[in-house]
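Remarks on the structure that follows.
The values are calculated or read from the model by the stated rules, or taken from the named source; none is laboratory data. Owing to the predicted nature of the structure, the values given are computational and were not obtained by experimental measurement. SASA here: full protein model, heavy atoms, side chains in, ligands and nucleic acids out. Shrake-Rupley method; radii C 1.70, N 1.55, O 1.52, S 1.80 Å.
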Amino acid sequence: QNYLDNFWPDLKAAHELFESILQARRERESESQENNGKEYPEHLPVEVLEAGIKSGRYIQGTLNVNKHRAQLEAFVRLQGFGGKETG
């Protein structure tokens, strides 16, 4: 803020961008406080997840994401299995 005020006081677009980023940060911090410090709220209660895993409705494993194609390639490596489930 000080940098913009001192060196670019007339650059309206930069001041608007700064305010937008500041507002987004405030909203994220507020959401984090509402979720007890968790970045994302839990979607299902733990009991439901555990029951789903036991019944076979859900799977449990380690998520592996391709670092070069993160939005396109990922799979879950199941414990005790050498294969992979694509997703």
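For region 57-66, give me each residue that is open to solvent by 90 Å² or more (accessible area, probe 1.4 Å) and in a strand (DSSP E or B). Passing the criteria: only 63. Looking only at residues that are open to solvent by 70 Å² or more (accessible area, probe 1.4 Å) and assigned to a helix (DSSP H, G or I) in region 30-48, which one is modelled with the highest pLDDT? Looking at residues that are open to solvent by 70 Å² or more (accessible area, probe 1.4 Å) and assigned to a helix (DSSP H, G or I), I get 47. Test residue 54 against the stated conditions and say whether it is open to solvent by 70 Å² or more (accessible area, probe 1.4 Å), more than 22 Å from the chain's Cα centre (by Cα) and at pLDDT below 90. Against the criterion (open to solvent by 70 Å² or more (accessible area, probe 1.4 Å), more than 22 Å from the chain's Cα centre (by Cα) and at pLDDT below 90), residue 54 does not qualify.
Inspection of region 11-29 identifies no residue that is modelled with pLDDT under 90 and part of a loop (DSSP other than H, G, I, E, B).
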